[in-house]
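For reference, the structure discussed in these notes is given below.
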Amino acid sequence: RRKSGPCPAADAARAKLNPMRGAFLDRLTWKEAAEMLAAGWPVVVPVGAASKAHGPHLPLGTDRISVEAIAARLAERERVLIAPNLGFGFYPAFVDFPGSQHLAAATFQALVVESIESFIRHGARRILLLNNGVSTEAPLRRAAADIQQRHGVTVGIADLPRLGRSLDAQWTAKLGGHADERETSLMMAVAPDQVRNDRLPCGADDAAGTTGDTRAATAVKGEKLLAALLDDVAAAMRSLWPETGSMKDV
């Protein structure tokens, strides 16, 4: 009977097929996940709306698509464990747009707390929420405070709309909008086939849920933004867990 145990040849084959430093939780077996959690790998939890209005030119899944792309790029350069995206959240400003989903703040907060508690139960102590929203900021902070009080575990939060500010000068309009030049540029970089280029709005339109002149958006700007976001997230992780140095060495 064959005994279970490490297989160097299989490990080498996996490394060749998967050159990433990080890993995706949903692609692992439970034993592989257990090993990474026991080894102290940081768990990164993307938080992006699976279905929320983004004007006439971007899909409802824009937040999910972009945050998952950022998480995937992060896994290429850092030794992190990427959890499945939390796609249902607190998005009260979009309830009247067909197809947009929304949970009450308390419901969303409970969802986040219970999701994090499952990671803690399995040994995780380094957890980062990769938040691709604005209305979700307050519930996520309350959830993190709840986790800290219950379990003594500090949950980091990287608010993507507030990161990448080193590139503020490249945008033609004031930042802080929605489905604007910044978001559109990022989508042009990570999912160009999902952008309706023939429907780019030329200014703020409350009825469409957009701000700014999206015609100034380009994939080049989006790639620069993606790089800046990744640098900021990596810096935040090193600040959260200085004892680990670079996440490449966790």
Quickly run through the range 77-86 and pick out the residues that are open to solvent by 10 Å² or more (accessible area, probe 1.4 Å) and out of contact with any strand residue (DSSP E or B) (no Cβ under 6 Å at 6 or more places or on another chain). Arg77, Arg79, Pro84
So Arg196 clears everything in (1) in contact (Cβ under 8 Å) with a residue 40 or more places away in the chain; (2) out of contact with any His (no Cβ under 6 Å at 6 or more places or on another chain) except one condition, right? Which one? (2)
Residues that are under 14 Å from Thr211 (Cα atoms) and open to solvent by less than 10 Å² (accessible area, probe 1.4 Å), drawn from the range 135-180: Ala179
Residue pairs qualifying under the 6 Å Cβ cut-off, at least six apart or on distinct chains, with the first in the range 50-72 being closer than 13 Å to Thr184 by Cα and the second being among the polar types (S, T, N, Q) and in a helix (DSSP H, G or I), are His54/Thr62; Pro59/Gln194
Filter the range 93-117 for residues that are loosely packed, with under 11 Cβ neighbours inside 10 Å and either part of a helix (DSSP H, G or I) or within 17 Å of the chain's Cα centre (by Cα) (or both) and give the result. Glu114
If we scan the range 37-60, do we find a residue that is outside any loop (DSSP other than H, G, I, E, B), open to solvent by less than 10 Å² (accessible area, probe 1.4 Å) and among the small types (Gly, Ala, Ser)? no
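The values are calculated or read from the model by the stated rules, or taken from the named source; none is laboratory data. What you see is a predicted model; the values in this text were computed from it and never measured. Positions of Cβ are backbone-derived with ideal geometry, glycine not excepted, and every protein chain shown enters the neighbour counts. Ligands, DNA and RNA are stripped out before the accessible areas are found, and what is left, the full protein with its side chains, is counted by its heavy atoms. Shrake-Rupley method; radii C 1.70, N 1.55, O 1.52, S 1.80 Å.
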